[in-house]
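Participant: This is the structure I want to talk about, given as structure tokens.
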Amino acid sequence: MFSRLLALFTHNKTHAHAKQVTNHTPAQDSAFTRLNQLAPVITHDHSHPTLSDSDLINANTIHSSVVYREAVLNKSQKIAGYSFTLSRRINERMHSSTDEVQRMYYEVLLENIIAMDIQRLLGHRLAFIPVLPATLSHPLLAQLPAMGTVLVVSSLTQLVAESEATLPHIHALKLAGFQIALQGDINTPGIQPFLELTKFIFIDIGSNNFQTITNQINEINAHLFNKRLIATNVRTLDEYHVCARLPFHYIQGTFVTSRAAWTKPNMDAGRIKILELLNRIRQDTDNTELALAIKLDPALSFKVLRYTNSAGTGLTTKISTIDQALMVLGRENLYRWLTMQLFISGTASDLDWALMENALVRARLAELCADPALTAKERDELFVTGIFSLLDILLHMPMEQALAQISLPPATVEALLHKTGKYAPYLELATACETFNQERIAAIANQLDLNTIHVNAYHADALIWTYEMSN
């Protein structure tokens, strides 16, 4: 499962470099003004508080919006893909805008996704990218990798009303290899030709009651075949558990990191053992004692040996003892590996794999953003800070109580408990990338002397790194 971990943990870091984005000249100044109202970007030059539209365009500030991701889970509770957008709030307001503003907004979104080199992110996963009828012919779509990309079409009334133009575009996109999804009222008169070209149908859980959702599913299954249903806007664990009992193929939303519906602490013998080992490493226990502690757990011993022998170390001789494994791995790599095992060992819940991936993306993104501002040792501690920023959710207990179970660096504890100290802004930046807070991201990036283009690039690298580690 973790055959690539060692090479990745030994810091084979290749930072993504942001691609140059050409200046954008809107067809209408009024349209650009409207776009800037919908998707304002905080500039870093406070000496010109009232820049003109042309100044903003020339400064490329329109292109510095951060692309957000939201995990899409399959029936096995594993991440099957990501939905990409600029902002949920902006997406909702965009539907009432003019075609010109819609087109410009999606140009910003697509340019950012293309700059992320999204093909590296996909692997066997899907990328769900929203489009509107007015943007189906946008030339930037041709620069996206068709394989693995799902174009999510909304505003279905407009789609049908302009079917003479939109239906041929959908045909062409599907022939090019893209997959098509519809989001909205599939009972819209005239929608049938589009449904025949569609593979995915989104159902918004947040705006409907249970009976309405059930009726929608039954109607779809009664009249349509081989359509994959996606529950979207799932915000709580209770909503997730309801959707998991319904015939959805995928579930999307913020429920993975929800702190709602905790029942009892999730502390079994396996996790207690790993916490004990993590504490021993922090306390500089020598390798002989660490090896003995691992040997007392046959299952963990097997995992350590399997990992060491499959980690791409280039060893010509098979490692057969725990003592040898610890020498090969080193304490830092063992510590990181154990933090991952903490998420998936013992009686892990359905969502712990997805929670682990979220923690890894958060940790890696923070670590990348901190280079070269922090030392190597500090970046290692920052990585641990990111991993343990979801420890309370994993263990189903308040963070203060969760941190009492493990010995961590003082700066890590300060960031996790009080959101202060040198690690706090990096962790906050990584967390903000999950919460659709464009203004906060721009402000923190400015504080850390980063620009949002680099944040996008590091975000892409963090997603790739996490995917490689968990597959």
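Participant: Keeping to the stretch 396-417, report how many residues are assigned to a helix (DSSP H, G or I) and crowded, with 17+ Cβ neighbours inside 10 Å.
Facilitator: So the count comes out to 9.
Participant: Would you mind telling me which numbered condition in (1) of a type in the set (Val, Ile, Thr); (2) assigned to a loop (DSSP other than H, G, I, E, B); (3) modelled with pLDDT under 90 Thr285 fails?
Facilitator: Going through (1) of a type in the set (Val, Ile, Thr); (2) assigned to a loop (DSSP other than H, G, I, E, B); (3) modelled with pLDDT under 90 one by one, Thr285 breaks only (3).
Participant: Of everything in the stretch 200-258, what is part of a helix (DSSP H, G or I) and among the small types (Gly, Ala, Ser)? Give them in sequence order.
Facilitator: Ala222, Ala244
Participant: With respect to Thr313, determine if the residue is farther than 22 Å from Leu338 by Cβ, modelled with pLDDT under 90 and in a loop (DSSP other than H, G, I, E, B).
Facilitator: Numbers: farther than 22 Å from Leu338 by Cβ: no; modelled with pLDDT under 90: yes; in a loop (DSSP other than H, G, I, E, B): yes.
So Thr313 fails the test.
Participant: Those residues that are in contact (Cβ under 8 Å) with a residue 12 or more places away in the chain, over 16 Å from Leu140 (Cβ atoms) and assigned to a helix (DSSP H, G or I), I need them from the stretch 169-183; list them, please.
Facilitator: Result: Ile170, His171, Lys174.
Participant: Confirm whether Ala376 is modelled with pLDDT of 90 or more, of a type in the set (Gly, Ala, Ser) and closer than 24 Å to Tyr68 by Cα.
Facilitator: Values: modelled with pLDDT of 90 or more: yes; of a type in the set (Gly, Ala, Ser): yes; closer than 24 Å to Tyr68 by Cα: no.
Criteria not met by Ala376.
Participant: Residues in the stretch 200-212 that are touching a helix residue (DSSP H, G or I) at 6+ places or on another chain (Cβ under 9 Å) and modelled with pLDDT under 85: how many?
Facilitator: 3
Participant: Being modelled with pLDDT under 90 and within 29 Å of Ile113 (Cβ to Cβ) is true for just one of Ile444, Ile393, Ile387. Which residue is that?
Facilitator: Ile393
Participant: A further question on this structure: Restricting attention to the stretch 103-124, does a residue exist that is within 27 Å of Ile79 (Cα to Cα) and of a type in the set (S, T, N, Q)?
Facilitator: The answer is yes; a qualifying residue exists.
Participant: Additional query: In the stretch 157-186, which residue that is in contact with an Asp or Glu (Cβ under 9 Å, 6 or more places away or on another chain) and within 16 Å of Leu229 (Cβ to Cβ) is modelled with the highest pLDDT?
Facilitator: My answer is Gln183.
Participant: Would you check which residues across the stretch 416-426 are over 17 Å from Ala442 (Cβ atoms) and not polar (S, T, N, Q) and list them?
Facilitator: Just the residues of the stretch 416-426 that are over 17 Å from Ala442 (Cβ atoms), to begin with: 416-424.
Passing the criteria: Leu416, Leu417, His418, Lys419, Gly421, Lys422, Tyr423, Ala424.
Participant: Assigned to a helix (DSSP H, G or I), out of contact with any Asp or Glu (no Cβ under 6 Å at 6 or more places or on another chain) and modelled with pLDDT of 90 or more: does that describe Pro193?
Facilitator: yes
Participant: Here are Glu367, Glu381: which of them is among the acidic types (Asp, Glu) and either surrounded by 24 or more Cβ atoms within 10 Å (Cβ to Cβ) or under 15 Å from the mean Cα position of the chain (by Cα) (or both)?
Facilitator: Answer to the check: Glu367.
Participant: Could you go through the stretch 185-196 and let me know if any residue there is under 26 Å from the mean Cα position of the chain (by Cα) and not acidic (Asp, Glu).
Facilitator: No, the conditions are met nowhere in the stretch 185-196.
Participant: Keeping to the stretch 416-471, report how many residues are farther than 22 Å from Leu355 by Cα and aromatic (Phe, Trp, Tyr).
Facilitator: Going through the stretch 416-471 one residue at a time, the tally reaches 0.
Participant: If I filter the stretch 213-220 for residues that are touching a helix residue (DSSP H, G or I) at 6+ places or on another chain (Cβ under 6 Å) and either free of Cβ contacts under 8 Å to residues at least 40 places away in the same chain or assigned by TED's automatic domain parsing to the domain that holds Phe202 (or both), do I get at least one hit?
Facilitator: No, the stretch 213-220 contains no residue that is touching a helix residue (DSSP H, G or I) at 6+ places or on another chain (Cβ under 6 Å) and either free of Cβ contacts under 8 Å to residues at least 40 places away in the same chain or assigned by TED's automatic domain parsing to the domain that holds Phe202 (or both).
The values are calculated or read from the model by the stated rules, or taken from the named source; none is laboratory data. Quick caveat: nothing in here was measured; it's all calculated off a predicted structure. Cβ: placed from backbone, ideal geometry, glycine included. Neighbour counts: every protein chain shown.
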